[in-house]
Amino acid sequence: MRVNFTPIHRRDTGITGTIAVLQDVTEQEQLESSRREFVANVSHELRTPLTTIKSYTEALGDGALEDTQLASRFVNVIQNETGRMIRLVTDLLHLSRLDSKEAALRKQKVDIVEMLEDVEDRFSFQMQQKDITAVIDVKEGISHAMLDRDGIDQVLDNLISNALKYTPDGGKITMEAALTGQGMLSLSVSDTGIGIPKKDLERIFERFYRVDKARTRNMGGTGLGLSIAREIVRAHGGHITLHSELEQGTKVTFTLPLVVEGGKSA
Ligand code: ADP
């Protein structure tokens, strides 16, 4: 809280007083500090791969190029690190478009079962590789919803790729569609993975927040997947929540308005 006092003195009436202006600066300060934290995070996230690329290109220049086996390993590392930077910058651009509301939603009537089956198809190779069982469970009475298909595909892709990353081989990933008591569509992705410690749950949707920074960075994550998912769901007028039990699994649920053109329910 900032307080400014201005003394008043009127010569004719002799009334004197003070004007006190109370300004709530806490919100402003919080915004400023989260902006600073964000810039520091972005710089750090970009610096890490850049430093690796620099040292590997130096090593190649210093003679590693002569050893074809070593050189091909180094080139592989460089490719992975550039890939990570591209993912990060793509995610950042996406977030900034969502923040500035530039990314207008292009809502269309979408078949829910078809949408979930398409997600499963996109990930079927990775699921097979990890021997993960995929289950789609669409409750009765659900057929279509008005939503931005690209946006919701992105949400589902982020959630499924997390579920895949944090579920050991032989696990199970379930996508469920149900109706909430308020007549909203509820979509969820649950896994039988490693789970998230209780202490981290509160901050898990924050940009760049990760449970185990080093490990999750090695898995190729940018730390922005859940924040992007939350922005897209909010833009639709829905909510996203996450429940998790350590060593048991994680379930992320988001709701979306279920209206087709003309305001009728699907
Ligand atoms: P990342 O790109 O690192 O996966 P996210 O924003 O998608 O970033 O997720 C943030 C963090 O939340 C992850 O780094 C991970 O620690 C944790 N997390 C997200 N989803 C899961 C999950 N299904 N199981 C376990 N941990 C998860």
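Every condition in (1) at pLDDT 95 or above; (2) under 26 Å from residue 249 (Cα atoms) is met by residue 140 except one, and the failing one is (1). Residues of the stretch 196-211 being farther than 25 Å from residue 31 by Cα and within 6 Å of the ligand (Cβ to nearest atom), which ones? Result: 196, single match. Note on the stretch 51-74: residues that are within 31 Å of the chain's Cα centre (by Cα) and touching a residue at least 12 places away in the same chain (Cβ under 8 Å) amount to 4. What residue, among those in the stretch 212-224 that are among the small types (Gly, Ala, Ser) and crowded, with 16+ Cβ neighbours inside 10 Å, is farthest from the ligand (Cβ to nearest atom)? Checking each candidate, the answer is 223.
In the stretch 143-177, the residue that is farthest from residue 108 (Cα to Cα) out of those that are within 15 Å of the ligand (Cβ to nearest atom) and small (Gly, Ala, Ser) is 171. Residue pairs whose Cβ atoms lie under 6 Å apart, separated by 6 or more positions or on different chains, with the first residue in the stretch 200-219 and farther than 16 Å from residue 48 by Cα and the second more than 8 Å from the ligand (Cβ to nearest atom) and not in a loop (DSSP other than H, G, I, E, B), are 205/230.
Quick check on my filter: what residues within the stretch 178-193 are outside any loop (DSSP other than H, G, I, E, B), more than 11 Å from the ligand (Cβ to nearest atom) and polar (S, T, N, Q)? Selection gives 186, 188.
Condition check ((1) of a type in the set (D, E, K, R); (2) over 16 Å from residue 41 (Cα atoms); (3) touching a strand residue (DSSP E or B) at 6+ places or on another chain (Cβ under 6 Å)) across all residues:
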| site | (1), (2), (3) |
| --- | --- |
| 173 | no, yes, yes |
| 176 | yes, yes, yes |
| 183 | no, yes, no |
| 190 | no, yes, yes |
| 193 | no, yes, yes |
| 201 | no, yes, no |
| 209 | no, no, no |
| 242 | no, yes, yes |
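Say we look at the stretch 90-119 and pick out the residues that are assigned to a helix (DSSP H, G or I) and free of Cβ contacts under 8 Å to residues at least 24 places away in the same chain; which of these is surrounded by the most Cβ atoms within 10 Å (Cβ to Cβ)? Only one residue fits best here, namely 117. Among the residues of the stretch 7-35, those identified as over 30 Å from residue 205 (Cβ atoms) and modelled with pLDDT of 80 or more are 17, 18, 19, 20, 21.
Of everything in the stretch 225-234 that is touching a strand residue (DSSP E or B) at 6+ places or on another chain (Cβ under 8 Å) and among the hydrophobic types (A, V, I, L, M, F, W, C), the residue that is nearest to the ligand (Cβ to nearest atom) is 226.
The values are calculated or read from the model by the stated rules, or taken from the named source; none is laboratory data. Quantities reported herein were computed from a predicted structural model and do not represent experimental measurements. No Cβ is skipped: glycine too gets one built from the backbone with ideal geometry, and neighbour counts run over all protein chains shown.
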